[in-house]
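One structure below.
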Amino acid sequence: VFANISGVDTSNKNVNSGFSDVPKGKWYTAAVTWAAKNGIVNGVGGGRFDPNAKVTREQMCVMIVNYIENYQKRTLSVTTNASTFADDAKIAGWAKTAVYKCAKAGLVSGVGDGKFDPKASATRAQGATIFTNLFKEYILDEKVNNKSIVVLVDDLDDFMNYYKDGIARWKFTNNKVL
């Protein structure tokens, strides 16, 4: 996702990802390689990426923070007072700062009862909500050719033509990203 919204050319699948379980020639190889080179992903240890694993909520937060800070060279804005999650002790040490940065930026919230549920897989609905918030706050507000991109899209074709380098490969149906 991050490679696509950044307009990265991922057509060359014959690159060495640096991960033993991300071989050349796979549809995701170029994107994983780009994300690793830009400090967005680090793998799961032991030189592995685990491309078929589900993404946990805490992993998603780490990737978001790494994308914003390492690739965009920006800082997440604090928009809300996020209190400590009731299951704070279950958040991995390597993910804790990112989880709270995302929570304070309003990109993620708990799952009820004050809990974050860091080890749970991010559902499609949660992922869609997080990426919608991320897109509105940190992608669409970028300047392109010194023009601000309008967040509200009245004409999808005009929008796609204007910002084609970043998201033209996304699939849209009824003005919604699939």
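Quick note on the stretch 39-133: its Rg to Rh ratio, both from C-alpha atoms and Rh being the Kirkwood radius, is 0.94.
At the residue level, residue 104 shows approximately 80 square angstrom of accessible surface with a 1.4 angstrom probe and all protein chains present. Across the stretch 19-35, rounded Karplus estimates of 3J(HN,Hα) from the backbone phi angles (6.51 cos²θ - 1.76 cosθ + 1.60, θ = phi - 60°) give 10, 5, 9, 10, x, 4, x, 7, 4, 9, 4, 5, 5, 5, 4, 4, 5 Hz, Gly and Pro being marked x. Solvent exposure of residue 49, expressed as accessible area, is near 50 Å², computed with a probe of 1.4 Å over the protein chains only.
In the stretch 42-119, Cα pairs under 8 Å separated by at least six residues give a relative contact order of 35 percent. The heavy atoms of residue 50 offer some 60 square angstrom of accessible surface to a 1.4 angstrom probe. In this structure the amide hydrogen of residue 56, modeled in the peptide plane, comes within under 5 Å of the amide hydrogens of 122, none closer than 5 places in sequence on its chain. Entry comment: accessible area of the stretch 14-120 is 54 Å² per residue, from protein heavy atoms only and a probe of 1.4 Å. Ordered from longest to shortest, the equivalent ellipsoid semi-axes for the stretch 1-61 are 17, 15, 10 Å, each the square root of 5 times a Cα gyration tensor eigenvalue. Can you give me the % of accessible surface on the stretch 11-68 that is carbon or sulfur? Probe 1.4 Å, all protein chains present, nothing else counted. That fraction is 50 percent. With 28 Å as the limit, the listed pairs 26/136; 37/101; 73/104; 37/115; 24/90 have 26/136; 37/115; 24/90 beyond it between alpha carbons.
The values are calculated or read from the model by the stated rules, or taken from the named source; none is laboratory data. Just so it is clear, the structure is predicted and the values come from calculations on it, not from any experiment. The area values use the complete protein model at the heavy-atom level, side chains included, leaving out ligands, DNA and RNA. Shrake-Rupley method; radii C 1.70, N 1.55, O 1.52, S 1.80 Å.
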